[in-house]
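Every number in this text was worked out from the coordinates using simple rules, so none of it is lab data. All values derive from a computational prediction rather than experimental measurement. Cβ coordinates were reconstructed from backbone atoms using ideal geometry, including for glycine residues, and neighbour counts include every protein chain displayed.
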Amino acid sequence: MDEKHRSILEGLPNKSPRSRLEPYQELIIELRRRGQTYREIERILLDQCQFRVSRGAINNFVRGYLQKEKKSPKCPRRSVISTERVKKTNLANPEDVTSDEVYRRIVELKQRPVGTQTIPKVFHYDPDEPLHLIPEKTRK
């Protein structure tokens with residue numbers, strides 16, 4: 001990066017959080033993970049933290065947090081597959097399966113040719129004639 005650009009960036013102050021809920025982010029997210037409703041979170045913030053906020057603001061905050069989580073790539077394509085997910089695939093011995101093995105199987109499945117079935121025509125369309133069924137013995 002150019003020295004001039006670097007000096008500009010170093011001279012800028014860090015921005016403060018945009019939401020008043022930022023200091024309570026971990027608490028709110030953990031409460032949602034534990035199944036608390038927005039109404040219950042609102043009550044907890046009011047009673048325990050003396051912080052008044054609407055349920056709609058909490059909802060918007062959580063939705064924004066989830067969108068950020070979705071955008072950030074947490075795991076690369078060939079990451080280690082959790083044994084819990086591998087167990088659900090009904091493999092013979094899921095502890096012996098590595099992420100490379102799973103990745104290899106996925107690649108093989110993607111390279112397998114797709115079987116195409118031709119569906120016999122049941123109708124014949126001609127804009128000048130009414131729609132009619134094709135007799136079964138002449139269907140292709």
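Spread over its residues, the convex hull of the C-alpha atoms of segment 1-67 is 113 Å³ per residue.
The slack between Arg39 and Lys15, meaning 0.36 nm per residue of separation minus the straight C-alpha distance, is 5.6 nm. Straight-line cross-link reach from Lys110 at under 18 Å between alpha-carbon atoms covers these aspartates and glutamates, not counting any fewer than eight positions away in the same chain: Asp100, Glu101.
As a calculated quantity, the FRET efficiency between Ile134 and Arg105 at R0 = 41 Å, using C-beta atoms, amounts to about 0.45.
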